[in-house]
1. Taking Cα centroids, how far is the range 260-290 from the range 1-32 in Å?
2. In Å², and per residue, what accessible area does the chain have when probed at 1.4 Å with the other protein chains present?
3. Go ahead and set up a Gaussian network model of the chain, Cα springs under 10 Å, then flag whichever of Leu60, Leu148, Leu260 fluctuates most.
4. Within 10 Å of each candidate Cβ there may be at most 14 other Cβ atoms; applying that plus a DSSP loop requirement, which chymotrypsin sites (Phe, Trp or Tyr not before Pro) in the range 7-99 survive?
5. Can you compute the charge dipole magnitude of the chain about its Cα centre, using +1 on each Lys and Arg Cβ and -1 on each Asp and Glu Cβ, nothing else charged? Give it in debye, rounded to the nearest 20.
6. Report the full-extension gain for the segment Glu249 to Arg31: residue separation times 0.36 nm, less the Cα-Cα distance, to one decimal in nm.
7. Calculated from DSSP H runs of 4 or more alone, at -39500 (n - 2.57) each and per residue, what is the 222 nm mean residue ellipticity of the chain, nearest 500?
8. Using Cα atoms only, what is the angle between the long axis of helix 14-23 and the major principal axis of the chain, expressed in degrees (0 to 90) to the nearest 10?
Amino acid sequence: MLIGEVARRSGVSTRMLRHYDALGLVRPTGRTVGGYREYSAEDVRRIFHVESLRSLGLSLKQIGRALEDPAFTPSALVGDLIRWTEDRLERERELLERLRAVDASAPTGWQDVLRIVELMQGLNSTSAARRQQAVLARPGSASAPAELLVGAVLAESDPNVAGALRWALARSGGDGVAALADGVRSQDVDIRRRAVSAIAEMAEAPGAAAVLADALGDPDTAVRRHAALALGRRGVTATVPTLVGMVVEGSHDVEAAEVLGTLSRDPGCADRIMTALVDELAAPTADSATRIRLAQALVELSGTTVREVLRQLARDDDPAVALVASAFVTVLAERSPEDRGDEDS
């Protein structure tokens, strides 16, 4: 077959076939009387072999070696090709993410594009200070794409940078809740904690309450606590068990007690909170420090039952508990005219 017919049947251009010939990769074994290249069936078969190996990413030099060297084994080369391809795909994935971030920012000019690129470069810095500066140094009128900030939030381990990122995300104006919700469902507990912390600062955003409500059932204690504080501030009474547990365990117990105080303004929830705190006070495992924290939580509530419980604690066998409870009784008496009358009588 002449070169034109080979090109039509193989799909390889005549220019590439001549290039193969010049490299000695596929040389036609015959010539016509007029001196034209003439390819045999074996030559055409070799062309298809070359194209097959090219489809795997081999260079022409590597293909020549593979076809000519009987001792050549493909295993090492294929392993290298896999690693090179994985590296290339990772670079292309990063490029795609950068392009999507730029597109999401809806740039109106190249200066906007450059600002987003500068932000991405800053967020990728190995320096925590540089990452934090990249977030905080943005002009007040410039908002970063929510998707970009979400990715940074979920990956950030430095607490100061994470705080800056959550702040920027909360004011980005974009809907980052959906992307953060994926983080709440992650198998990685650190990612779940970062995601729920960020959503807690966006609790008023559409969809945030539903994601936080799901997080109340998370197997990780820290995730549940973040969700409980955020939802409790919004009046969700399902958070009471977790909040009481925080007081008992001494984890953000002051915040938890304040939220319980707010929830207790609902008459339907007040008795529930009171019962839970009193039950914990009576628990045989409650040590002195735990009972003092529970007494402090009781002060955040209102009503005669609270005052009665504190008066009983003021006579407790534990001197530290009794002293703290006595002080709280005095505080409540100064706060409440009714209590002053009780004391006078």
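The values are calculated or read from the model by the stated rules, or taken from the named source; none is laboratory data. All values derive from a computational prediction rather than experimental measurement. Methodologically, a virtual Cβ is constructed for each residue, glycine included, from the backbone with ideal geometry; neighbour enumeration extends over all protein chains shown. The accessibility values were calculated without ligands, DNA or RNA, using every heavy atom of the protein model including side chains. Shrake-Rupley method; radii C 1.70, N 1.55, O 1.52, S 1.80 Å.
1. 87
2. Per-residue accessible area for the chain comes out at 56 Å².
3. Highest fluctuation of the listed residues: Leu60.
4. Answer by residue number: Tyr36, Phe72.
5. The calculation lands at about 2480 debye.
6. 69.4 nm
7. -21500 deg cm²/dmol
8. Relative to the chain, helix 14-23 is tipped by roughly 80 degrees.
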